[in-house]
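Below: the structure, in structure tokens.
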Amino acid sequence: MVNGDVEKRLWAAANQLWANTGLKPAEFSGPVLGLIFLRYAESRFAEAEKRIGKVGSGDRRKVGKEDYQAEGVIFLRPQARFSQLLKLPEGQDLGKAINEAMKAVEDENADLAGALPRSYGQIGNAVLVELLKLLAPIDLSGDAFGKVYEYFLGEFAKREGQKGGVFYTPESIVKLIVEIIEPYHGRIL
């Protein structure tokens, strides 16, 4: 679980990295949030893998993409996994590798087509390596992903200022909207 102190330390580190890029908040937020998402997707994928087995392992029928999707998990090819990106050699073009990982996620999960950022080439390898290392040890189970994502989204919105019609929705409004659209036992509200 992630508490407010961890969120603030993560933000401080990400903010320091952002300062080294020369990018606007809107240009840096997408890639950072994309990596947080990829980290979370791999965490969920690994949990499902423990339950249903590895792709192509044993038994009569091979476990495949559909089995993971039936578990409500985004299917990740090996090259699209956060842990694989961490293992890449230092000289490799990390921006290109992350862009390819995001494309692979979209290719395997049609609902995500066009939704993931692919602007990692704008960010230097050194910053990307540090971002990956920053996000790697975080436990994103349970509500932690939502809390970290929401915190980062809010911080990026503050930095961007409400320019160009982009607004940040406060947590209380988000909760209200979720309560309104989430039916419980056949009724709304």
Looking at K50, K133 in this structure, which one is surrounded by fewer than 14 Cβ atoms within 10 Å (Cβ to Cβ) and over 21 Å from L10 (Cα atoms)? K50
At least 2 residues that are at pLDDT below 60, over 21 Å from the mean Cα position of the chain (by Cα) and within 22 Å of K87 (Cβ to Cβ) in each: list the helices (runs of 4 or more DSSP H) lying fully within region 122-189 that qualify. none
Looking at region 33-55, can you tell me whether even one residue there is under 19 Å from the mean Cα position of the chain (by Cα), more than 20 Å from L134 (Cα to Cα) and either of a type in the set (V, I, T) or not in a helix (DSSP H, G or I) (or both)? no
Residues that are part of a helix (DSSP H, G or I) and over 14 Å from the mean Cα position of the chain (by Cα), drawn from region 15-32: N15, Q16, L17, W18, A19, P25, A26, E27
Among the listed residues A97, A70, which satisfies the condition of being modelled with pLDDT under 95 and at negative phi? A70
Which of (1) modelled with pLDDT under 90; (2) of a type in the set (A, V, I, L, M); (3) exposed (fewer than 15 other Cβ atoms within 10 Å of the Cβ) does L86 not meet, given it meets every other one? (1)
Name the residue, out of N125, N109, that is within 16 Å of V32 (Cβ to Cβ) and of a type in the set (S, T, N, Q). N125
K158 vs (1) touching a Pro at 6+ places or on another chain (Cβ under 9 Å); (2) surrounded by 14 or more Cβ atoms within 10 Å (Cβ to Cβ): all pass except (2)
Mind listing just one residue for me: the one in region 43-60 that is farther than 13 Å from F75 by Cβ and acidic (D, E) and, of those, modelled with the lowest pLDDT? D59
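Conditions tested, residue by residue: (1) closer than 30 Å to N15 by Cβ; (2) loosely packed, with under 12 Cβ neighbours inside 10 Å; (3) touching a residue at least 24 places away in the same chain (Cβ under 8 Å).
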residue	(1), (2), (3)
K62	no, no, no
A70	no, yes, no
G91	yes, yes, no
A115	yes, no, no
R118	yes, no, no
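The values are calculated or read from the model by the stated rules, or taken from the named source; none is laboratory data. This one's a predicted model, so the numbers in the text were calculated from it and none came from an experiment. A quick note on method: Cβ atoms are made from the backbone with ideal geometry, for glycine too, and the neighbour counts reach across all protein chains shown.
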